[in-house]
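Worksheet: one structure, shown below.
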Amino acid sequence: MGHLEFEGRPAGPSPRNVLSVTLLLRSSGGTLYTYNTTTDASGYFTVAVDTLPSGTYNYSVKSPKYLANSGTFALTGAPVTSVEMGMLRAGDANDTNVVNSAD
């Protein structure tokens with residue numbers, strides 16, 4: 001279970017926080033896993049990772065029009081792993097994950 005905030009959006013719960021997100025997970029061995037999902041009105045989303053081996057994973061999470069956030073977390077075999085992924089900053093109008101004059 002992940003949690004995000006979106007710059008410029010109201011504090012949840014709000015229907016304006018229901019947004020599509022892409023979560024990329026990379027295992028310490030280098031395997032990349034991609035999940036496309038949607039946040040709920042409070043910015044939470046859930047993906048099933050029960051088939052992934054325990055270990056440390058790097059993540060990157062992105063929503064259209066927002067810059068990606070990244071970090072690490074550990075899967076330990078627990079039934080639920082909650083990860084606070086922070087605030088996605090607005091301004092990436094063309095979805096290149098860069099804010100520049102093209103935006």
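The values are calculated or read from the model by the stated rules, or taken from the named source; none is laboratory data. Here the structure is a predicted model, which is why all the values come from computation and not from measurement. Positions of Cβ are backbone-derived with ideal geometry, glycine not excepted, and every protein chain shown enters the neighbour counts. For the accessible areas, the whole protein counts, side chains as well, though only heavy atoms, and no ligand, DNA or RNA atoms are used. Shrake-Rupley method; radii C 1.70, N 1.55, O 1.52, S 1.80 Å.
Just add up the charged neighbours of Asp40: K/R +1, D/E -1, any other residue whose Cβ is under 14 Å from the Cβ of Asp40.
On the way: positive: Arg9, Arg16; negative: Glu5.
Result for the local shell: +1.
Build a GNM of the chain with springs between Cα atoms under 10 Å: which of Pro79, Pro15, Pro64 gets the top mean-square fluctuation?
Judging by the Gaussian network model, the answer is Pro79.
Quick one: accessible surface of Leu24, probe radius 1.4 Å, all protein chains present, in square angstrom to the nearest 10.
For Leu24, solvent-accessible area is about 60 Å².
At a 1.4 Å probe radius, carbon and sulfur cover how many percent of the accessible area of the chain?
Numbers: 3090 of 5790 Å².
So the carbon and sulfur contribution to the accessible surface is 53 percent.
How many nm separate the modelled label positions at Ser101 and Ser14, each set 7 Å beyond the Cα in the direction of the Cβ?
3.3 nm
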